[in-house]
Amino acid sequence: MRAIDWRDDAVVIIDQTLLPERTTRVVVREPAQLVTEIRRLAIRGAMALGVAGAMGVALGAVRARERGADVLAAATDACALLAGARPTAINLAWGAQRALAAAPDGAAAVVAAALALRDADIAANRAIGRRGADLLDGARRVLTHCNTGALAAVEIGTAVGVIAELHRRRPLTMVYATETRPLLQGSRLTAWELGKAGLPHRILVDGAAAGLILAGEVDAVVVGADRIAANGDTANKVGTVAHALAAARAGIPFVVAAPEATFAATTYTGAEIPIEERHEDEVLFVGSRRVAPPGTRARNPGFDVTPADLITAVVTERRVLPLGRAVAGAAAR
Ligand SMILES: CSC[C@H]1O[C@H](OP(=O)(O)O)[C@H](O)[C@@H]1O
């Protein structure tokens, strides 16, 4: 059950806004419709967005071929549309541009490029899981933020892939999944994935993480990434930097698990990473119930940036990149 896939010249996604109560598939045939699904987070997560970008361009190419229109022009328009759907995760534009590069060879070539990117993502996630488990060997109580499992990718995921591999090698004592306000990717999605995989886990309110870390109840923090700047500063779901600060104070590893595609070579520092500001109603309402006084407004940054010096290492499918903090114990091995 993949978060996103290609079937009969259409994109099929699981509508993640309905999880965990309902597993509902949505069939998408037009690039503009896929942008709508991306913006409402029906499909989300940096790696899944990379695949969505590529498949969205493939939709444009295939629809143009069906209509006898110019495939390259349609793919170019689709790429612009998809790349602008969400600003922070570099993977979205990267995936769209990778598919567009095949457009001069026709619609079939664009589809083939999108499917190759999908398959490469699965392989990358598998390698990240192994490499991350090697690095965090010995950690028994791990904390993670937001959702970085198969729902944020095609299969496996990144940080959750590392956690699953650690558990496969030697059962973990506990996985703490922060709920990740306001859209609750942790309690709705990560807890669902961990439960299905049979891992011991507890949900935490985001604000409880630092206290548990400083109390010595966490051996390592492992998270995903949406964009890694050339200097190692890393954008991830809002709330991540708080966990990094606590991990630094506690002297435990803080590890980022992400594919190489998440590195943005032309984004030199974290200050240059665009942070998506989402609608304030996501904060002001829980479901349909307003939880703030009438008239109260909200800020709703979707991401924050963890400075490289707070990150022990970035683990990719190809390497372990040590950054600011060597730590005795789990991550030093
Ligand atoms: C590393 S992919 C998962 C990544 O994406 C999440 O953001 P969103 O749910 O808004 O797409 C979050 O930053 C996760 O770490």
Please work out if ALA225 is in a loop (DSSP other than H, G, I, E, B), among the small types (Gly, Ala, Ser), within 30 Å of ALA123 (Cβ to Cβ) and within 16 Å of the ligand (Cβ to nearest atom).
yes
Do any strands (runs of 3 or more DSSP E) entirely within region 139-215 hold 3 or more residues that are in the same structural domain as ARG299 (by TED's automatic domain parsing) and within 26 Å of THR17 (Cβ to Cβ), and if so, which?
174-178, 201-204
Looking only at strands (runs of 3 or more DSSP E) that fall completely inside region 278-328, which ones have 1 or more residues that are acidic (Asp, Glu)?
303-306
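Yes/no per residue for (1) touching a helix residue (DSSP H, G or I) at 6+ places or on another chain (Cβ under 8 Å); (2) small (Gly, Ala, Ser):
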| residue | (1), (2) |
| --- | --- |
| ILE122 | no, no |
| ARG126 | yes, no |
| ALA153 | yes, yes |
| LEU166 | yes, no |
| ARG169 | yes, no |
| LEU172 | yes, no |
| ALA177 | yes, yes |
| ALA209 | yes, yes |
Can you give me the number of residues within region 18-33 that are in a helix (DSSP H, G or I), touching a residue at least 40 places away in the same chain (Cβ under 8 Å) and either touching a strand residue (DSSP E or B) at 6+ places or on another chain (Cβ under 6 Å) or surrounded by fewer than 19 Cβ atoms within 10 Å (Cβ to Cβ) (or both)?
1
Looking at the structure I just gave you, is GLU317 at pLDDT 95 or above and over 20 Å from LYS237 (Cβ atoms)?
yes
Which residues, counting only those in region 57-103, are within 16 Å of the ligand (Cβ to nearest atom) and in contact with a strand residue (DSSP E or B) (Cβ under 7 Å, 6 or more places away or on another chain)?
THR88, ALA89, ILE90
LYS196 versus (1) free of Cβ contacts under 8 Å to residues at least 12 places away in the same chain; (2) within 15 Å of the chain's Cα centre (by Cα): which is the lone unmet condition?
(2)
In this structure, does ALA247 turn out to be part of a helix (DSSP H, G or I), open to solvent by 10 Å² or more (accessible area, probe 1.4 Å) and on the phi < 0 side of the Ramachandran plot?
no
GLY270 is checked against (1) in contact with a Leu (Cβ under 6 Å, 6 or more places away or on another chain); (2) at pLDDT 95 or above and fails just one. What number does that condition carry?
(1)
Please list, ordered by first then second residue, the pairs with beta carbon atoms under 7 Å, 6 or more apart or interchain, first in region 128-139 and farther than 15 Å from PRO322 by Cα, second modelled with pLDDT under 95.
GLY129/ILE156; ASP137/ALA330; ASP137/ARG333; GLY138/GLY329; GLY138/ALA330; GLY138/ARG333; ALA139/ALA330
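The values are calculated or read from the model by the stated rules, or taken from the named source; none is laboratory data. Please read all numbers here as calculations on a predicted model, not as lab measurements. Glycine gets a Cβ as well: all are built from the backbone with ideal geometry, and neighbour counts include every protein chain shown. Note: accessible area is taken over every heavy atom of the protein model, side chains too, but ligands, DNA and RNA are not part of it. Shrake-Rupley method; radii C 1.70, N 1.55, O 1.52, S 1.80 Å.
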